[in-house]
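Asks: This is the structure I have questions about; it appears just below.
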Amino acid sequence: MISNSAGCIPTPPTGIKSYPRFTAIIHVVTPLVSLSQPVMKLLVAVAKSQYCAQVIVLWNCDKSAPAKHRWPTTSVPFIVIEGESK
């Protein structure tokens, strides 16, 4: 399930003052049923978490990843790594 809400991102239990930050990994595989829009929404939703330090997108599709200018702007750094062509 893909959500556009930051409410689905884990939050620390009440009473804990510090919480470790995490690196999110999004693995995109073939067949990509629709265009990359759901992946972009997921990236934005995960990046909204105050506990997210960075995002790594592993792109393993027959189609190339979208051009750099098509990716959304996020408050955390992210990198897109494309798998080798088959």
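Asks: Could you work out how much longer the chain between Glu82 and His69 gets when fully extended? Use 0.36 nm per residue separation minus the Cα distance between them, nm to one decimal.
Replies: Result: 3.1 nm gained on full extension.
Asks: Could I ask something else about it? Please quote Rg/Rh for the range 40-86 to two decimal places, taking the Kirkwood radius as Rh and restricting both calculations to Cα atoms.
Replies: Value, to two decimals: 0.99.
Asks: Mind listing the phi-derived Karplus ³J(HN,Hα) values for the range 49-64, rounded to whole Hz, using 6.51, -1.76 and 1.60 with θ = phi - 60°, and x for any glycine or proline?
Replies: Once θ is set to phi - 60°, the couplings for the range 49-64 become 5, 5, 9, 7, 8, 6, 10, 10, 9, 9, 9, 10, 10, 5, 7, 5 Hz.
Asks: Just to verify a number: what accessible area does Lys41 come out at with the full protein assembly present, 1.4 Å probe, Å² rounded to tens?
Replies: 90 Å²
The values are calculated or read from the model by the stated rules, or taken from the named source; none is laboratory data. Predicted, not measured: the structure shown is a model, and the values here were computed from it. Please note that ligands, DNA and RNA were not included when accessible areas were found on the heavy atoms of the full protein model with its side chains. Shrake-Rupley method; radii C 1.70, N 1.55, O 1.52, S 1.80 Å.
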